[in-house]
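To start, the structure itself, in structure tokens.
The values are calculated or read from the model by the stated rules, or taken from the named source; none is laboratory data. Not measured: the values here are computed from a predicted model. Each accessible area value is taken on the protein alone, full model and side chains, heavy atoms only, with ligands, DNA and RNA left out. Shrake-Rupley method; radii C 1.70, N 1.55, O 1.52, S 1.80 Å.
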Amino acid sequence: MSDEPRAGGAGEGSPVFGVLGAVVAWGKDGELLPLKGPRHRAVLARLIVARGRVVPVDVLVDDLWVAPPAGAVSAVRTFVAALRRVLEPERAARAKPQVLVTEGPGYALRLPPDAVDAWRFERAVAGGGVVGGGGAARGGGWVGAGPAAQGGGRAAGPAGWAGDGLGIAEALGLWRGPAYADFAEEPWARAERSRLTELRLQAVEQLAAARLSAGRAVEAVPELDAHVTEHPWREDAWRLLALALYRSGRQGDALAVLRRARMLLVDQLGVDPSPALRQLETDILHQADHLANSAATAPAIGAASGPTTGSAHESAAGESTVWDRAVAAYDEGVGARARLEPTVGLLRSLAITGGGGLVAAREQRVAVIAAAEELGDAELTARVIGAYDVPAIWTRSDDEEQAAAVVAAAERTLTALDQRLAESEADAPQSDSAPDASHANSATAAPYADSPTNQRTSPLRARLLATIAMESRGSGSPRARRAAEEAVAIARRLDDPGVLAFALNGLFLQTSYRTGLAPERDAIGVELIDLAAKHGLTTYEVLGHLIRIQACSALSDYDTADQHAAAADRLAAKHETPLVSVFTRWYAVLRAPSEAAYRDATKLLDGAGMPGLQDGLEALAVLTVRLREGRPLDRNADYGPYEPWIRPLLDGDGEALDQIPDPPKDLLQELLWTLLAEAALAQGNKQLAQRAERALTPAAAEDTAGSGLITLGPIQTILDRLRARRTAD
């Protein structure tokens, strides 16, 4: 019998199913269908695995229970009846089911060929697909692992399922997590999960090969690098990565990758590299003509543009040779496990350069964390997560999905560390000086302070907590704020300047949970500058100056802000941190705002790798200028994430103002509340006016310039207008 799914009575408007992640179903309108308990989903998943074949009731019973209860057959029939009501809600009471049908001794699903995400994925991989634009694999991880993965949305749902010709990139975008994720331990799902996982890995490599053929080698490198980190035994992935590096102008890195592959295969599997890998190494050493393609002549990322002559060219070549030799020596002597931490250090350095480096570091970070977690070593994972202490000044995340994944990993690792600490103490001999439980459970105390395990893990705990605070920026989460405070408390006890600087950065990003907190942020900036200057922490010294630019702007102390802008620029020039100029240039425009100046400053954001800062900022800045000058506002501008708090000022729908949520708790909240206050005054909405007044009152002594980028002037001005209107009413 063919494995091709049968088409039955179900057709247009029938449900579609997702098994590339948690098992879910979507209705004809794209809404998630309520599948009830785990055994209801297990019946559905088991029938999908059967691909249209009948599954006898007794097989379902054996698959659902290790020791079936007396009423197991009746229970299965109850599950089937419930599923039918969900899958065909409009079916008449006595009408025959068209989707989940009874046939002979059991049940089967009658579905069209495009009704299951896994089936569509298989066809795309089998057909080679085309390189599409969206949904590409990120670092070999799960694409689209958003709300639908937790059963709360449609991150990879049926919205894009119409028609054929699904590209490989889009097909990879259907994955929300491991196949049949909620049935990973079930024997009946094991073979199907393995088959689909292998297909996904082939698809990642197929997509990379297509990009290489299209001359997009630089684009292929980050995904392939993460792919081989997670799946080091796939020789074709190593071959593709080496070829992508070579075509990106990175011959030394390509050779280092091939040496690393050979070391892994020989040392850990006892096999020699394939003839294809050995031949590629020879071809790269001889720069064989056939390795290049016409579209792959771009220089390596970060390479200097323009002609190079004489000693400058020789110096660059010499530095490249030293780098290549060092990498080769490192790869020869260090195993994959030990390479994880240095990899994070490299990503950290890459991120600080900004632009493509920041984007590449962000893309690979989650893959490295996942690789560490797979090893089951909580302390190693904590070091990998906590080593990425890249200073952050903007309180809106550049990638909320990735940030959530990092926070989740940090929380899991914290739990594992605490469990290990508790087990260590349980095995240790008791003494009269052992701390009591109340001390151990204190949020800011050092649990088991005399424990060697705790002395080793406390710095890791501080870095994990700081990471949670950093990646939860702008959320206003009490948990994130507590994490920041605990991280700072631990760091102060440890007397570790590096950990303290990281923790203070996390605390800064959590110091916008309400308006009017510029003095607290300024104090953090003062401490960071002093701490960093004493201990040579240059990037944190720069961060301290940038924080003080923002805080002093909010406090209308522009003379001090000017001094810190100059200091930040001096440090940036000396230590080659180009992203600093983005913030200091925008601050300079804030001091003399004009529409033209803001549009010119926006050019600095192009390619900076900071979408959380860039999206909608130019339009918002121009709006503030026009509003202060009394000129007409642009209704058609792209206000990005700020649209909900700007639109009321443009549309004039007074009743809709009651439904507007509070602005995000970030550095622009005072300014956005002011915009809402303007809309409330213009449209006579008392409820919103009262909300805005309550929110802005704690910041009465401040300016709306807390971002250090844009302003609408003193907050007291808008408060006076709100109070005057309230009194008049």
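The figures follow:
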item: Shape of the stretch 184-282, Cα gyration tensor, a/c cut at 1.5; result: oblate
item: Å² per residue, accessible surface of the stretch 660-729 at 1.4 Å; result: 37
item: Solvent-accessible heavy-atom area per residue, rounded to whole Å², over the stretch 504-603 at 1.4 Å; result: 39
item: Euclidean distance between Cα centres, the stretch 554-611 to the stretch 194-216, Å; result: 42
item: Gyration tensor (alpha-carbon) shape descriptor, the stretch 28-69, a/c threshold 1.5; result: oblate
item: Whole-percent carbon and sulfur share, accessible surface of the stretch 195-284, 1.4 Å; result: 49
item: Kirkwood hydrodynamic radius of the stretch 576-679, from inverse mean 1/r over distinct Cα pairs, in Å; result: 14.7
item: Percent accessible area from carbon and sulfur atoms, the stretch 522-653, protein chains only, probe 1.4 Å; result: 50
item: Cα gyration tensor shape for the stretch 550-604, rounded if a/c is under 1.5, else prolate or oblate; result: oblate
